[in-house]
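One structure below.
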Amino acid sequence: MGAAAFLEVIARLIAVFILTRVIAVGATHLGAAFMTPAKRAQWQWIPGRDNLFPGPPPSPFLAPLVRWDANFYLSIARDGYPPRHGGPNHHLVFLPLYPLLLRSLHVDVFWAAFLVSNLCCLIAALCVFRLAGFEAAALFLCGPGSHFFSYPYSEALFAAALAATLLLLRSRHFLAAGLTGAVASATRSPGVAAAVALFAARSNRAFLAGVLSLGGIAAYMWWCHVAQGDALAFMHLQAYHGRRLSLLGPFRAFFAFDTDPDYYLVAIAAIYVCVRLVRRTPAWQWVTAAFLVVLPLSTGTLAAMIRYQSANVPLICGVPALVQGRRFWIATGLCLALMAFEAFLYGKGIGHF
């Protein structure tokens, strides 16, 4: 591809990025406009009413984007993790790198989150483009859970770090891949997927890079042990949300029938793509994609599968080879429509993620 053609594709990708971000934020605001009085009262930012509403409120533009986990990340960015106490410290579920980045910008934390998340989303899309082409990058931006890439959530940073790791792995830059993998594992606990990819490459240098990539989560575990008395506190606290890893977890998840049909749709589609990727992609790609599907299912629930699979970079990179031409763009358009609907529900204050 010549320089002019490359720049043209990048310009198209940036246009898709802008369009999808406008749709995500616009649908969220539309949902907020239809909130019930009870939901408005629930999400009204009253400074200091509890530790999830610290300091001044966000601007009207950003307020609809701040829901659920976003409050935890912003609270950690402003005040750090609460000290050890007798009850469950739910902040520990959220790994530190994303809130640390927000704090390091020394600007309003809400705008810092908006800028970091969207910048990481663009970086991730560019890495996906380098990995699998324009179609894969467009699908990444249109995914059913891609609206979370514009919220104060860590998914965009995680996706960028994982995509960079896979790109560096493919180029056999193992040391750099280990470092970006450490970024992924310091961002979200599923960031250990970076190590899975490196281990699956089956070379000594890749194995050492995989060990390095676990450094992010290992550092957090050490801090949890020292400061909280439980190195695995972030895992143990998941039990309060009904999440417990087990071999029968995927079966319980599918047969609990406690989530809406769109969760089943995304989960089944993800499993189907994973199966099709075997023998069609390198081991490091299909093994990592499968890991990022099986891990959340193993907790025994389909809840949040839409959000989790939005950052399953190796899975998304494999789709254009399976669905091509007009069918691919129809599927991408349907994904975009579902994303707008999910963003509308989020803005409306309905816990549907």
* Counting only residues that are over 15 Å from F17 (Cβ atoms), buried (at least 24 other Cβ atoms within 10 Å of the Cβ), touching a residue at least 60 places away in the same chain (Cβ under 8 Å) and among the aliphatic types (A, V, I, L, M), how many does region 103-146 have? -> 1
* One residue from F199, F207 being assigned to a helix (DSSP H, G or I) and either touching a Gly at 6+ places or on another chain (Cβ under 8 Å) or in contact (Cβ under 8 Å) with a residue 40 or more places away in the chain (or both) -> F199
* Any chance region 246-254 includes a residue that's surrounded by fewer than 18 Cβ atoms within 10 Å (Cβ to Cβ) and at pLDDT 95 or above? -> no
* Structure fact -> Among the residues of region 125-145, the number that are closer than 25 Å to L62 by Cα and touching a Phe, Trp or Tyr at 6+ places or on another chain (Cβ under 7 Å) is 2
* Applying the selection to region 319-353, what residues are hydroxyl-bearing (S, T, Y) and within 17 Å of the chain's Cα centre (by Cα)? -> Y346
* Structure fact -> Scanning region 260-315 for residues that are in contact (Cβ under 8 Å) with a residue 40 or more places away in the chain and of a type in the set (F, W, Y), the one surrounded by the most Cβ atoms within 10 Å (Cβ to Cβ) turns out to be Y308
* Structure fact -> With the first residue restricted to region 328-350 and required to be outside any helix (DSSP H, G or I), and the second required to be surrounded by fewer than 21 Cβ atoms within 10 Å (Cβ to Cβ), Cβ contacts under 6 Å at 6 or more apart or on different chains are K348/F34; K348/M35; G349/M35; G349/K39; G349/W43
* Out of N89, N118, N51, sole residue that is touching a Ser or Thr at 6+ places or on another chain (Cβ under 8 Å) and over 28 Å from A340 (Cβ atoms) -> N51
* Can you pull out the residues in region 226-246 that are in a loop (DSSP other than H, G, I, E, B) and either under 18 Å from G191 (Cβ atoms) or within 21 Å of the chain's Cα centre (by Cα) (or both)? -> A231, L232, G242, R243, R244, L245
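Only one of L198, L162, L157, L214 is within 21 Å of the chain's Cα centre (by Cα), surrounded by fewer than 24 Cβ atoms within 10 Å (Cβ to Cβ) and under 26 Å from F140 (Cα atoms); which? Walk me through how you get there before you give the answer.
On the way: L198 fails: surrounded by fewer than 24 Cβ atoms within 10 Å (Cβ to Cβ); L162 fails: surrounded by fewer than 24 Cβ atoms within 10 Å (Cβ to Cβ); L157 fails: surrounded by fewer than 24 Cβ atoms within 10 Å (Cβ to Cβ).
Only one candidate passes the filter, namely L214.
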* Filter region 269-318 for residues that are part of a loop (DSSP other than H, G, I, E, B), over 15 Å from the mean Cα position of the chain (by Cα) and not β-branched (V, I, T); which is farthest from N118 (Cα to Cα)? -> R279
* Residues of region 185-207 satisfying the condition of being among the charged types (D, E, K, R) and over 21 Å from W222 (Cα atoms) -> R202, R205
* touching a Pro at 6+ places or on another chain (Cβ under 6 Å), at pLDDT 95 or above and surrounded by fewer than 21 Cβ atoms within 10 Å (Cβ to Cβ), is that true of L345? -> no
* Residue list for region 247-268, filter: among the aliphatic types (A, V, I, L, M) and outside any loop (DSSP other than H, G, I, E, B) -> A253, L265, V266, A267, I268
* Asked: So is R67 crowded, with 18+ Cβ neighbours inside 10 Å, basic (K, R) and under 20 Å from the mean Cα position of the chain (by Cα) or not?
  -> yes
* Structure fact -> Inside region 22-42, the number of residues satisfying the requirement of being surrounded by fewer than 18 Cβ atoms within 10 Å (Cβ to Cβ) and assigned to a helix (DSSP H, G or I) is 11
* Asked: Does at least one position in region 144-161 carry a residue that is among the acidic types (D, E) and at pLDDT 95 or above?
  -> yes
* Asked: Of the conditions (1) surrounded by 18 or more Cβ atoms within 10 Å (Cβ to Cβ); (2) more than 19 Å from the chain's Cα centre (by Cα); (3) outside any helix (DSSP H, G or I), P47 fails just one. Which one is it?
  -> (1)
* To do: Please give the helices (runs of 4 or more DSSP H) falling wholly within region 53-151 in which 2 or more residues are more than 28 Å from A15 (Cβ to Cβ) and among the aliphatic types (A, V, I, L, M).
  => 69-79, 97-104
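The values are calculated or read from the model by the stated rules, or taken from the named source; none is laboratory data. These numbers were taken from a predicted model, which means no experiment stands behind them. Every residue, glycine as well, gets a Cβ built from its backbone with ideal geometry; the counts of neighbours run over all protein chains shown.
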